[in-house]
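The values are calculated or read from the model by the stated rules, or taken from the named source; none is laboratory data. Keep in mind it's a predicted model, so treat the numbers as computed, not measured. Glycine gets a Cβ as well: all are built from the backbone with ideal geometry, and neighbour counts include every protein chain shown. All accessible areas refer to the heavy atoms of the entire protein, side chains included, with ligands and DNA or RNA removed. Shrake-Rupley method; radii C 1.70, N 1.55, O 1.52, S 1.80 Å.
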Amino acid sequence: MAALHEHDKHAFFLPDEAALSAFGSAWAAHLQAPLLVCLNGDLGAGKTTFVRGILRGLGYTGAVKSPTYTLVETYRLPETAVNHFDLYRFQSPEEWQDAGLDDLFTEHALNFIEWAKLGGDYVPDADVLIQFTHHENGRLLHFDAQTPAGQNCLTALPNNIGGDVV
Ligand SMILES: Nc1ncnc2c1ncn2[C@@H]1O[C@H](COP(=O)(O)OP(=O)(O)OP(=O)(O)O)[C@@H](O)[C@H]1O
Ligand SMILES: [Mg+2]
């Protein structure tokens, strides 16, 4: 695909958990299925917190647990299904196929994957990559669109949906 312009990269600073969660909630309104967002970053970098915020923004009020042990948690919402994957415990990329995870990538699905690199080439191409890093006592998020669909959902970001642009 054509090279994306520099303005397709966005960075935000979220000083605490509440800010990160609220940022996810605000972004949720701009997400359109089908979509794949890969969340990269160290243990405790805020990936699950962010997905929890997105689910809150989509109106889900129940518990949002880390899928570290279950591999994937699916949330069925009125207009979409949210699949939240965590591949942290993968011993080999083939586990993606063994678990039949491709079947969850329907046209109505919003997909979020933590530790996607452990799925190797089995993981479909992401529309958006988000890099989470620790910064001071908060977190930095770098967004990177990889496809036109990814670019679409990032257009809301410069308008400051919350979070400090860095
Ligand atoms: N913006 C923030 N600033 C400071 N602390 C935060 C922020 N966001 C989340 N935290 C805290 O950091 C931790 C992040 O945990 P979380 O489970 O979201 O990380 P994760 O990236 O999903 O880790 P893992 O790779 O282990 O699944 C939580 O303890 C949360 O309270
Ligand atoms: Mg997590």
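For the Cα atoms of the chain, what angle does the longest principal axis make with the long axis of helix 47-57, in degrees from 0 to 90, nearest 10?
Taking the Cα atoms of the chain, the angle to 47-57 is about 80 degrees.
Which of G24, V72, G62 sits closest to the plus end of the dipole of the chain, meaning its Cα is farthest towards the positive end, when Lys and Arg get +1 and Asp and Glu get -1 on the C-beta?
G62
Over the chain, give the accessible area per residue in Å² for a 1.4 Å probe, as an integer. Don't skip to the end; give the middle numbers.
Working: 8620 Å² over 166 residues.
With the other protein chains kept in place, the chain gives 52 Å² per residue.
At 20 °C and a viscosity of 1.002 mPa s, what translational diffusion coefficient does Stokes-Einstein give for the range 58-144, taking Rh as the Kirkwood radius over Cα pairs? Give it in µm²/s as a whole number.
Approximately 150 µm²/s, per Stokes-Einstein.
Where does the longest stretch of the chain lie that holds no trypsin sites (Lys or Arg not before Pro) found in a DSSP loop with 14 or fewer other Cβ atoms within 10 Å?
Longest stretch, sites excluded: 90-166.
Test of understanding: given the chain, find the longest segment containing no GluC sites (Glu not before Pro) that are in a DSSP loop and have at most 12 other Cβ atoms within 10 Å. The partial results should precede the final answer.
Working: sites that count: E79, E94, E107, E136.
Longest stretch, sites excluded: 1-78.
Can you give the charge dipole size of the chain about its Cα centre, rounded to the nearest 20 debye, using +1 on the beta carbon of Lys and Arg and -1 on the beta carbon of Asp and Glu?
About 480 debye.
Would you mind giving the average projected area, over all directions, of the Cα convex hull of the range 11-76 in nm² with one decimal?
5.0
Compute log10 of I(q)/I(0) for the range 8-165 with the Debye formula, placing one identical point scatterer on every Cα and leaving out solvent, at q = 0.10, 0.11, 0.12, 0.15 Å⁻¹, to two decimals.
Values returned for q = 0.10, 0.11, 0.12, 0.15 Å⁻¹ are -0.31, -0.38, -0.46, -0.74.
How would you order 35-44, 21-30 from highest to lowest mean count of nearby Cβ atoms within 10 Å? List each step's numbers first, then the result.
On the way: 35-44: 18.6, 21-30: 20.3.
Descending mean neighbour count gives 21-30, 35-44.
For helix 17-28, report the angle its Cα long axis makes with the longest principal axis of the Cα atoms of the chain; keep it between 0 and 90° and round to the nearest 10°.
80
Take every DSSP beta bridge with both residues inside the chain and express the antiparallel ones as a percent of the total, to the nearest 5.
Around 60 percent of the beta bridges assigned by DSSP in the chain are antiparallel ones.
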